[in-house]
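*Asks:* One structure, as structure tokens, below. Some questions next.
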Amino acid sequence: MSELNSLFAKIKIKKEKFDEFLKSKPEQATLDNDWLEWWDSREMYGKTDLTRDELFKYDDPTNEDIINGWINEIRSFSFSDYDAENETWHFGIIFFSQNYSDMIPGLAFVKSVSKFKEIDSDDFAIIYNFFWGDDVCAFINFKDNKSYFDSKIQRTSDISSEIIKYADTYLHKKWEEFADDEQAGEYD
């Protein structure tokens, strides 16, 4: 059995724009070269062509409902932290998915925040084997109110060590918090 990959995003976004993003409806992804190049660059069993029909989105009424849905899925160990001082949103799902098709709505959700950003920085989102290896399923960059897959990235060694260290450190911190909560009986 394959292990579940983790999703982690670090997004610099002003509070009022973040609130606007939360209240917005989930966006339908558009089948374009960015999606196609990413899909074509991935190795998977039983791979088919990516079509518009496969680019489905979450059915939740708002982006905030998507986040709450993941957080309420206790065994996914999900979090959404907004740091107002640094205007940075950290979002993660430690046990996200092992299936590329199942990743699509999560990727579309994370990519959609780009339209609300006014601050260009070193933002990124990654789906990778946080616990069990160095495979990278998806890596997203954000620039000029757009998001882009970096289809060349296949392994964590293809990414700057600062980015991987940042993601690993944040996910380890959250994992320890979840472990402490579980020991305290919060997940019983």
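*Asks:* Answer yes if at least one residue in segment 64-85 is among the basic types (Lys, Arg) and surrounded by 13 or more Cβ atoms within 10 Å (Cβ to Cβ), and no otherwise.
*Replies:* No: zero hits.
*Asks:* Which residue pairs have Cβ atoms closer than 6 Å, lie 6 or more positions apart in sequence or on different chains, and pair a first residue in segment 23-37 that is farther than 16 Å from Gly106 by Cβ and touching a residue at least 12 places away in the same chain (Cβ under 8 Å) with a second residue that is assigned to a loop (DSSP other than H, G, I, E, B) and small (Gly, Ala, Ser)?
*Replies:* Between residues of segment 23-37 that are farther than 16 Å from Gly106 by Cβ and touching a residue at least 12 places away in the same chain (Cβ under 8 Å) and residues that are assigned to a loop (DSSP other than H, G, I, E, B) and small (Gly, Ala, Ser), the close pairs are Glu37/Ser151.
Quick note: the coordinates plus some simple rules give every number you see, no bench work behind them. Everything numeric in this text was worked out from a predicted model, so none of it was measured. For neighbour counting, all protein chains shown are included, and Cβ atoms are generated from backbone atoms with ideal geometry for every residue, glycine included.
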